[in-house]
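> Sending over a structure as structure tokens; questions will come in a sec.
The values are calculated or read from the model by the stated rules, or taken from the named source; none is laboratory data. Given the structure is predicted, the values throughout are model-derived calculations rather than measurements. Here the Cβ is made from the backbone with ideal geometry for all residues, glycine too, and neighbour counts use every protein chain on show.
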Amino acid sequence: MGIKKNRIGILGGSFDPAHKGHLAISKVAAKKLKLKKIFWAITKKNPFKKKSHLDLSARINLCKKITKKIKFIEVKCFENKVRSNKTVNLINFFAKNIKNEVFFIMGADNLINFHKWHKWKIISKKCTLIVFDRQGYKKKSLNSKTYKTLNKEKLKFINFNKVNISSSQLRKI
């Protein structure tokens, strides 16, 4: 009889700011994948963005505020503990515990350029990528280098009632 694995999800990003879309995909992922816990791993600085509009502590506090009543979500910046801002190192941190089965949660917009992420093929070997469709991105993501390259057992699309809001839209309000 094998080890019973803890199914955990990681939703990484700058959360600048966190919004109901992050919450919605976390709830759907937890339910559909039977995840015990989802970590909102907040990055100090997204390597693909020029700068964050809110500082790290403000982003963490906002995330904690909107997830306060959801027990399975834990908000944290892991970069000091992992000593890196690279997703591959975060995945390695969680995957080194053989009791963890790791799911990395992202929007379809991130899948399009996922092949540009540091050691993207290793990330996909150590965890399952869970991709949520975002308005206008599914076709592009299905044509992406990542989608065409990866083993489809390690890459799952989840269809859901989309929350059409993004952090960049919220900053304009």
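> Going by the conditions given, is residue 39 outside any helix (DSSP H, G or I), out of contact with any Phe, Trp or Tyr (no Cβ under 8 Å at 6 or more places or on another chain), within 29 Å of residue 136 (Cβ to Cβ) and at pLDDT 95 or above? Break it down into steps so the answer makes sense when it comes.
Details: outside any helix (DSSP H, G or I): yes; out of contact with any Phe, Trp or Tyr (no Cβ under 8 Å at 6 or more places or on another chain): no; within 29 Å of residue 136 (Cβ to Cβ): yes; at pLDDT 95 or above: yes.
Here the answer is no, as residue 39 does not meet what is asked.
> If you don't mind, another one. Just one of (1) surrounded by fewer than 18 Cβ atoms within 10 Å (Cβ to Cβ); (2) in contact with a Ser or Thr (Cβ under 7 Å, 6 or more places away or on another chain); (3) assigned to a helix (DSSP H, G or I); (4) not polar (S, T, N, Q) trips up residue 45, so point out which.
(3)
> Which of the residues spanning region 13-42 are surrounded by 19 or more Cβ atoms within 10 Å (Cβ to Cβ), of a type outside the set (A, V, I, L, M, F, W, C) and either over 19 Å from residue 131 (Cβ atoms) or touching a helix residue (DSSP H, G or I) at 6+ places or on another chain (Cβ under 6 Å) (or both)?
Across region 13-42, the qualifying residue is only 16.
> Provide a single number: the residues in region 82-138 that are in contact (Cβ under 8 Å) with a residue 60 or more places away in the chain and hydroxyl-bearing (Ser, Thr, Tyr).
Within region 82-138, residues that are in contact (Cβ under 8 Å) with a residue 60 or more places away in the chain and hydroxyl-bearing (Ser, Thr, Tyr) number 1.
> Quick check on residue 52: is it of a type in the set (S, T, N, Q), part of a loop (DSSP other than H, G, I, E, B) and closer than 22 Å to residue 129 by Cα?
Numbers: of a type in the set (S, T, N, Q): yes; part of a loop (DSSP other than H, G, I, E, B): yes; closer than 22 Å to residue 129 by Cα: no.
Here the answer is no, as residue 52 does not meet what is asked.
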